[in-house]
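Notes follow once the structure below has been shown.
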Amino acid sequence: MLKDISIGQFFPGKSIVHRLDPRIKILLVFGFIITLFIVRNLVSFGLIILFLTVTVFTAKIPVKTVLKSLKPILPLILFTAILNIFFIDGHVLFRWGWIRITEDGIRLAVLMIIRIVCLIIGASLLTYTTSPIALTDAIERLLSPLKKIHFPVHEMAMMMTIALRFIPTLIEETDKIMSAQKARGADLETGGLMKRAKALVPILIPLFVSAFRRAEELALAMECRCYRGGEGRTRMKQLKLTVSDWVIAVFVTAFYIVGILMNLWIPALF
Amino acid sequence: MKKLIQFKQVSFEYNHESEEEEPVAVLHDITLSIKEGDFVAVLGHNGSGKSTLAKHINAILQPTEGVVWVDGIDTSKEELVFEIRQQVGMVFQNPDNQLVATVVEEDVAFALENLGVESTEIRERVDAALQQVGMYEFREHSPHQLSGGQKQRVAIAGILAMQPKCIVLDEPTAMLDPQGRREVLKTLLSLNREKGTTVVFITHFMDEAVQANRVVVVDGGQIIADDTPKAVFSDVEQLKKVGLDVPQVTELAYELRKAGIDFPNGILSVEECVAELQKALGG
């Protein structure tokens, strides 16, 4: 049951979106988010939605999966919408007791919903089309200027790699421990919140002990393979920017700028 | 043949945190040399000191007394530790706890990346290492999709990529199913025979030890036997005394001899045993 959890939700593929350099992809997603929050006219939003749709289809990500990624943030969307509709001042459209709905409220609610939905889809596209290892690599490379201020960039990337490597192993182990405790009569499924929380203790303690043991063995194995930190390390797969990476980067950035500039000529939604 | 690994009167003690407690002696006055191209099986029951012995070979542990030389380098020289670890790779018992990366080929590349090898050369050596252990088709898999035996072969490939002269394996088959055990042993035998890699193989499976060309038996931190498998397994009584088993066929021969039947000593394989039985029955 625990095995079904997929991490990073990576969909392997060979599309342009998949092959784009992960560093560029991360930066473009950042650019996307910034654009999303500057833009405030309908035409630009239309363009952004078109851009997302085109990307989803070129990456061949099933639309169903994309929509599914919105499910966990549904409460957040509803909450923002309600707050905006009821608590923004302006031209009153409807009033009942102390409840009132304003035109500006509705506009802002729509704007925020579009923003949040686009934000989540845009960010999920990054993890859908980039393998965890490429992401870690890209983050390490993008943050490498921080080494100058003694930020442990390599160590952080290594931690991410090891975490990703051990998540399935530890999930499997949790499953095993749970079965072992159930076989000894542990009751994990009934009772109130406190009782259930307490029932987790006999699962977490063995899990922690084993995680520490694994860590020790892994450290030894890494030392045996001459690991001594990030200094002087090379990589088998080096990230290289190709011409098409640059073309895409320039094209998409130009697209963002056009979207932002439209704010100047087209009346704002809010 | 050149002596690759030499132990000279090596003793090792674990120190306790507190001063009052006596240090625990694990190895006692061990003198041992391993030639290039040897396939040495190290036998001993739990706590005999066989793992400690192995950890001395690639400078994870340094002797309390005595000297260990690896390819002419004294392992107590800390500045040369990585030279030694490049020459002697070590594979551990639990395959899950020695794979670092989320993709097989990235894991095999790990040691080479640490050593600062050029990326094109890493690629070549990784592919070659994966082919040697027969895991090339799985290069893009994630370790958790593999079986125990496959993971252990990936771990071996990760060591092979460094092109070491010697591989030390600390009970690499203890956590594997029979299928995985066969895969790993086959890989090691072919490495030893085709590439001349020295193998030091710690195990408590007797049928695996039989495949070696030399067997070292460790008990109580001392070497009590060091000879060919045939000679070592001939002394069934001594092995039983230190809590070790002998291969089934050797045991059968031993029991037959004890029952007064004329049967030769040191039978290691089923084929040999069948031939001898036929002789005994026919004659």
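For a 25 Å ceiling on Cα separation, which of these pairs sit above it: A:K14/A:K68; B:K3/B:K55; A:K14/A:K148; B:K2/B:K195; B:K3/B:K50?
A:K14/A:K148
Please give the average number of partner chain Cβ atoms lying within 10 Å of the Cβ of each residue in A:45-56, rounded to a whole number.
Average neighbour count from other chains, rounded to a whole number: 0.
List the residues whose amide H sits under 5 Å from the amide H of B:L4, counting only those 5 or more places along or on another chain, with H placed 1.01 Å from N in the peptide plane.
Correct list: B:I34, B:K35, B:E36.
Residues of A:215-223, mean number of Cβ from any other protein chain within 10 Å of their own Cβ, rounded to a whole number? Each step should come with its number before you reach the end.
Details: counts 1, 1, 6, 7, 1, 6, 13, 5, 8.
Other-chain Cβ atoms within 10 Å of each residue's Cβ, averaged: 5.
If you average the C-alpha positions of region B:62-77 and of region A:179-257 separately, how far apart do those two centres end up, in angstrom?
About 37 Å separates the Cα centre of region B:62-77 from the one of region A:179-257.
Taking H as built 1.01 Å from N, whose amide H comes closer than 5 Å to the amide H of B:G66, not counting residues under 5 places away?
B:S11
Taking the Cα centre of region B:1-138 as origin, work out the dipole magnitude from +1 charges on Lys and Arg Cβ and -1 charges on Asp and Glu Cβ, in debye rounded to 20.
Working: 10 positive and 25 negative charges, 140 e Å.
Dipole about the Cα centre, nearest 20: 680 debye.
If I model a spin label as a point 7 Å beyond the Cα along the Cα-Cβ vector, how far apart are those points for B:E194 and A:K176 in nm?
In this crude label model, B:E194 to A:K176 measures out at 3.2 nm.
With charges set only on the Cβ (+1 for Lys and Arg, -1 for Asp and Glu), what does the dipole of region A:152-239 come to about its Cα centre, in debye to the nearest 20?
Computed charge dipole of region A:152-239: roughly 80 debye.
At each listed q (0.08, 0.09, 0.12, 0.18 Å⁻¹), what is the log10 of I(q)/I(0) that the Debye formula gives for region B:3-246 modelled as equal alpha-carbon point scatterers?
Values returned for q = 0.08, 0.09, 0.12, 0.18 Å⁻¹ are -0.30, -0.38, -0.68, -1.40.
Would you mind counting up the charge near A:L188? Only other residues with Cβ under 11 Å from its Cβ, with Lys and Arg at +1 and Asp and Glu at -1.
Summing Lys and Arg as +1 and Asp and Glu as -1 gives +2.
With runs of 4+ DSSP H residues as the only contributors, calculate the mean residue ellipticity of chain A at 222 nm using -39,500 (n - 2.57) per run, divided by the residue total and rounded to the nearest 500. Before the final figure, lay out each step's value.
On the way: 10 runs with 183 residues, N = 270.
The helix-only estimate for chain A comes to -23000 deg cm²/dmol at 222 nm.
What are the ³J(HN,Hα) couplings of region A:39-55, residue after residue, when phi is run through the Karplus curve with 6.51, -1.76, 1.60 and θ = phi - 60°? Round to Hz, x for glycine and proline.
Whole-Hz 3J(HN,Hα) from phi for region A:39-55: 4, 9, 10, 5, 4, 4, 4, x, 4, 5, 5, 4, 4, 4, 4, 4, 4.
Dipole magnitude of chain A about its Cα centre, charges +1 at Lys/Arg Cβ and -1 at Asp/Glu Cβ only, in debye to the nearest 20?
300
So which lysines pass the test for A:K71, namely a Cα distance under 25 Å, with those fewer than 8 places away in the same chain ruled out?
Excluding near neighbours in sequence, the set is A:K3, A:K25, A:K60.
In nm, give the distance between the simple-model label positions of A:D187 and B:K230, each being 7 Å from the Cα along the Cα-to-Cβ direction.
Placing both labels 7 Å beyond Cα along the Cβ direction yields 6.7 nm.
Antiparallel as a % of all DSSP beta bridges within the protein assembly as shown, to the nearest 5?
Bridges in the protein assembly as shown that DSSP calls antiparallel: roughly 60 percent.
Using the Cβ atoms and a cut-off under 13 Å, what net charge is assigned to the surroundings of A:G232, where Lys and Arg are +1 and Asp and Glu are -1?
Spelling it out: positives minus negatives among the neighbours equals 0.
Going 7 Å from the Cα of A:V43 toward and past its Cβ, which residues in region A:113-133 have a backbone nitrogen under 12 Å from where you end up?
none
To check you understand DSSP bridge types, tell me what percent of the beta bridges within region B:3-246 (both residues inside) are antiparallel, rounded to 5.
Once the DSSP bridges in region B:3-246 are tallied, antiparallel ones form about 55 percent.
Using a Gaussian network for chain B with springs between C-alpha atoms less than 10 Å apart, which of these wobbles most: B:S269, B:S234, B:S76?
Judging by the Gaussian network model, the answer is B:S269.
For peptide A:165-176, compute the average count of partner chain beta-carbon atoms within 10 Å of each residue's beta-carbon.
Values: counts 11, 7, 2, 6, 5, 1, 1, 2, 1, 0, 0, 0.
For peptide A:165-176, the averaged partner shielding equals 3.
Once you treat every alpha carbon in the protein assembly as shown as an equal point and sum by Debye, what is log10 I(q)/I(0) at q = 0.05, 0.08 Å⁻¹?
The calculated log intensity ratios at q = 0.05, 0.08 Å⁻¹ are -0.33, -0.72.
Say the dipole of chain A comes from +1 at the beta carbon of Lys and Arg and -1 at that of Asp and Glu; which of A:C226, A:M262, A:L83 then lies farthest toward its positive end?
The residue sitting farthest along the positive end of the dipole is A:C226.
Return the sequence-ordered ³J(HN,Hα) values of region A:240-252 in whole Hz as given by the Karplus equation 6.51 cos²θ - 1.76 cosθ + 1.60 applied to θ = phi - 60°, using x for Gly and Pro.
Calculated HN-Hα couplings, in order: 10, 7, 9, 4, 5, 4, 5, 4, 4, 4, 5, 4, 5 Hz.
Specify which residue in the list A:L126, A:G46, A:V243 is farthest towards the positive end of the charge dipole of chain A, using unit charges on the beta carbon of Lys, Arg (+1) and Asp, Glu (-1), about the Cα centre.
A:V243
Which lysines have a Cα less than 20 Å from the Cα of A:K198, not counting those fewer than 8 places away in the same chain?
Straight-distance partners of A:K198: A:K176, A:K182.
Rg/Rh for region A:152-239: what does it come to with C-alpha atoms and Rh from Kirkwood?
Across region A:152-239, the Cα-based Rg/Rh ratio is 1.15.
Please give the contour-minus-distance gain from B:E272 to B:T120: 0.36 nm per residue of separation, less the Cα-Cα distance, rounded to one decimal in nm.
49.8 nm
Given points 7 Å out from each Cα along the Cα-Cβ axis, report the A:T53 to B:Q145 separation in nanometres with one decimal.
3.4
Given the DSSP H assignment, sum -39500 (n - 2.57) over each helix run of at least 4 residues in chain B and divide by its residue total; what's the result at 222 nm in deg cm²/dmol, nearest 500? It would help to have the intermediate numbers written out before the result.
Numbers: 11 runs with 107 residues, N = 283.
Dividing the helical sum by the residues of chain B leaves -11000 deg cm²/dmol.
Semi-axes of chain A's equivalent ellipsoid from the Cα gyration tensor, sqrt of 5 times each eigenvalue, largest first, rounded to whole Å?
Those come to 41, 31, 16 Å.
List every residue whose amide H lies under 5 Å from the amide H of B:L61, counting only residues 5 or more places away in sequence or on a different chain, with H placed 1.01 Å from N in the peptide plane.
B:H56
Quick one: order A:F32, A:F255, A:F208 by neighbouring beta-carbon count within 10 Å, fewest to most. Don't skip to the answer; put the middle values down first.
Values: A:F32 24, A:F255 17, A:F208 10.
By the 10 Å Cβ count, ascending, the order reads A:F208, A:F255, A:F32.
List the equivalent ellipsoid semi-axes of region B:174-283 in whole Å, largest first, each obtained as the square root of 5λ for an eigenvalue λ of the Cα gyration tensor. Mind showing how you got there, number by number?
Values: eigenvalues 136, 66, 32 Å².
Working through the eigenvalues yields semi-axes of 26, 18, 13 Å.
In chain B, if the dipole is taken from +1 on Lys/Arg beta carbons and -1 on Asp/Glu beta carbons about the Cα centre, which of B:P229, B:Q145, B:A54 is farthest to the positive end?
With unit charges placed on the Cβ atoms, the residue in question is B:P229.
Just rank B:L112, B:L176, B:L281, fewest to most, by other beta-carbon atoms within 10 angstrom.
B:L281, B:L176, B:L112
Each value in this text was obtained by applying a stated rule to the coordinates, not by laboratory testing. From a predicted model like this one, the values you see are computed outputs, not experimental measurements. Note that each Cβ is placed from the backbone with ideal geometry, even for glycine, and that neighbours are counted across all protein chains shown.
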